[in-house]
Amino acid sequence: QVQLVESGGGLVQPGGSLRLSCTASGRTPKNWIMGWFRQTPLTGRNFVAAVNWNGGTTAYADFVKGRFTISRDNAKKTVFLQMSSLKFEDTAVYYCAAQRGGSYYSPSEYDYWGQGTQVTVSS
């Protein structure tokens, strides 16, 4: 059984930064893809960013390009989402997810999910 646990969410002012972390435990696949999604009460679960198993390939949603950076540390089974220049509209619950192989962008391709961490951008 694989478990994903996110951390690092919180309250931040517009223009500020946060770094989210997601640590995996259990029998994790070797070549898995890690992704971040976000969800608000008014939206579905939207793709934010993803990274392949060795960090060599990344993908981002257009609305975070240039502001967010995804990275991973396989030795620690952890994936990070560095968020900068945060905007009000970045407020959401952020979910970490993992999959063995498939589309980076579709939530249905991901096999494992964390419980989510709240990010609130407010002045």
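Averaged per residue, the chain has 51 square angstrom of accessible surface, using a 1.4 angstrom probe with ligands and nucleic acids left out.
Do me a favour and compute the ellipsoid semi-axes for the chain from its Cα gyration tensor, root of five times each eigenvalue, largest one first, whole Å.
Working: eigenvalues 102, 38, 38 Å².
Working from the Cα gyration tensor, I get semi-axes of 23, 14, 14 Å.
Could you give the alpha-carbon Rg of region 8-62 over 2.2 N^0.38 Å, rounded to two decimals? Ratio of Cα Rg to 2.2 N^0.38 Å: 1.35. The calculated FRET efficiency for residue 28 paired with residue 120, based on their beta-carbon distance and R0 = 41 Å, is about 0.85. In plain terms, the chain from residue 88 to residue 58 could stretch by 8.3 nm, reckoned as 0.36 nm per residue minus the Cα-Cα distance.
Stretch residue 75-residue 42 to full length: gain in nm at 0.36 nm per residue minus the Cα-Cα span? Don't skip to the answer; put the middle values down first.
Details: separation 33, 0.36 × 33 = 11.88 nm, distance 3.67 nm.
Result for the pair: 8.2 nm of gain on full extension.
The values are calculated or read from the model by the stated rules, or taken from the named source; none is laboratory data. Just so it is clear, the model here is predicted, and its values are computed rather than measured. Counting neighbours? That spans all protein chains shown, and the Cβs are built from the backbone with ideal geometry, glycine included. Ligands, DNA and RNA are excluded from the accessible area calculation, which covers all protein heavy atoms including side chains. Shrake-Rupley method; radii C 1.70, N 1.55, O 1.52, S 1.80 Å.
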